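*Asks:* Below are the structure tokens for one structure; questions will follow.
The values are calculated or read from the model by the stated rules, or taken from the named source; none is laboratory data. Predicted, not measured: the structure shown is a model, and the values here were computed from it. Cβ placement follows ideal geometry from the backbone for every residue including glycine, while neighbour counts extend to all protein chains displayed. These accessible areas exclude ligands, DNA and RNA; they are computed on the full protein's heavy atoms, side chains included. Shrake-Rupley method; radii C 1.70, N 1.55, O 1.52, S 1.80 Å.
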Amino acid sequence: IAETVTISRLSHTTVQKVVTKLGLDARRLNEKQLDLLSIPLHLSLLARIALDTSVDVLNFKTAKDLYDKFWQHKKNFVEERLGRDSNWTEVIYTLCDYMSKHQRLSAPKARVDKYEKSAEIMASEHVLIPDREQYLFFHEGFFDYAFARRFVGKDDKLLNLLQSGEQHLFRRAQVRQILLYERDADRARYLADLNILLNSSDIRFHLKKVVIALLATLDDPTEEEWEIISHLMCDEINPLTQEVWIILNSSIHWFKLLDSLG
């Protein structure tokens, strides 16, 4: 029987101690960075790149920044071991495409036979996890990030992805990560997708709730985002109305935004 294990956030004091042990200056970390690193996965990402002297590893603002640094660091390292181009992107995107299409977190090793040596070194670097004849990514969060990076790079439409098949629970993390990636990398595209997802009748309610939940976590909401959700507050027949009110009642950051807007 599978058990669900809940991993709690780390205290800021613990984060500072770990960062110091990594040989980094923990005094440089601001409150937002400490909050980000209190999630064990994010602290693990920092630990994996801590020895990279070619970049300022503490120069990050978001989880995407940490993943970006990890991506480049490991890509460079795999290429050094191979002594040539690593086909890093091809391996990751090939696996991502299969996992997304089949809505599962593993893919047959045979999908990357063309890049077999590269995949083996990526596995030895704990980017990929071999499981018999399958490959998994080292963490589901990395799959979400890599898929979002792939998706945004293809200039595809989020609505098209969701309309292409059943909108099962697997799509929740993908929707959240794509929106977060777009918010950092392409704000106009993000706002357009945000508007479409919340207003399209083709999107199931459980995915719209994912969008609302994401907005509730923002510590820097914007007027543009407010304009998208504000009209939902007075639509009594829209089940999202109550969800929007929950955001405003529970988030000091949204309250401050609305206060600043008068």
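*Asks:* Say a site is exposed when it is one of the trypsin sites (Lys or Arg not before Pro), sits in a DSSP loop, and has at most 11 other Cβ atoms within 10 Å; what is then the longest site-free stretch of the chain?
*Replies:* Values: sites that count: ARG84, ARG132.
In short, 133-262.
*Asks:* Here is a follow-up. Between the range 192-207 and the range 38-65, what's the alpha-carbon centroid distance in Å?
*Replies:* Centre-to-centre distance over Cα atoms comes out at 33 Å.
*Asks:* Here's a follow-up. Using amide H atoms built in the peptide plane, which far-off residues or other-chain residues are under 5 Å from TYR135 H to H?
*Replies:* Hits under the 5 Å cutoff: ALA107, LYS109.
*Asks:* Out of the total accessible area of the range 111-189 (probe 1.4 Å, heavy atoms of protein only), what percent is carbon and sulfur? Walk me through the intermediate numbers first.
*Replies:* Working: 1770 of 4040 Å².
Answer for the range 111-189: carbon and sulfur cover 44 percent of the accessible area.
*Asks:* I would also like to ask the following. Rounded to the nearest 500, what is the chain's calculated 222 nm mean residue ellipticity when only DSSP H runs of at least 4 contribute -39500 (n - 2.57) each, over all residues? Please list the in-between numbers first.
*Replies:* Details: 14 runs with 162 residues, N = 262.
After summing the helix terms and dividing by the residues of the chain, the value is -19000 deg cm²/dmol.
*Asks:* Count neighbours as other Cβ atoms within 10 Å of each site's Cβ, and list the chymotrypsin sites (Phe, Trp or Tyr not before Pro) in the range 82-184 that are DSSP loop with at most 11 such neighbours.
*Replies:* On the way: sites: TRP88, TYR93, TYR98, TYR115, TYR135, PHE137, PHE138, PHE142, PHE143, TYR145, PHE147, PHE151, PHE170, TYR181; in loops: PHE138.
Filter output for the range 82-184: empty list.
*Asks:* Based on Cα coordinates alone, diagonalise the gyration tensor for the range 1-66, multiply each eigenvalue by 5, take square roots, and list the semi-axes in whole Å, largest first. Working shown, then result.
*Replies:* Details: eigenvalues 97, 36, 26 Å².
Ellipsoid half-lengths, sorted descending, are 22, 13, 11 Å.
*Asks:* Quote the FRET efficiency, to the nearest 0.05, computed for LYS17 versus HIS206 with a Förster distance R0 of 41 Å and r equal to the Cβ-Cβ distance.
*Replies:* Values: r = 39 Å, r/R0 = 0.96.
Once the sixth-power term is evaluated, E becomes 0.55.
*Asks:* For HIS126 and ASN199, what does the FRET efficiency come to when R0 = 45 Å and r is the distance between their Cβ atoms, rounded to the nearest 0.05? Could the numbers behind the result be given before it?
*Replies:* Working: r = 42 Å, r/R0 = 0.93.
Rounded to the nearest 0.05, the efficiency is 0.60.
*Asks:* If you don't mind, another one. Sticking with the crude label model, points 7 Å out along Cα→Cβ, report the distance from THR62 to LYS101 in nm, one decimal please.
*Replies:* Inter-label distance under the simple model: 2.9 nm.
*Asks:* Which ³J(HN,Hα) values in Hz, rounded to whole numbers, follow from the phi angles of the range 165-171 under the Karplus curve 6.51 cos²θ - 1.76 cosθ + 1.60, where θ = phi - 60° and Gly and Pro get x?
*Replies:* Those phi angles translate into x, 5, 8, 7, 4, 4, 6 Hz.
*Asks:* Report the one residue of PHE142, HIS102, VAL112 whose Cα lies farthest in the direction of the positive end of the charge dipole of the range 92-184 (charges on C-beta: Lys and Arg +1, Asp and Glu -1; origin at the Cα centre).
*Replies:* Of the options given, the answer is HIS102.
*Asks:* How much area per residue is accessible in the chain when the probe is 1.4 Å and only protein heavy atoms are counted (Å²)?
*Replies:* Working: 14260 Å² over 262 residues.
It amounts to 54 Å² per residue over the chain.
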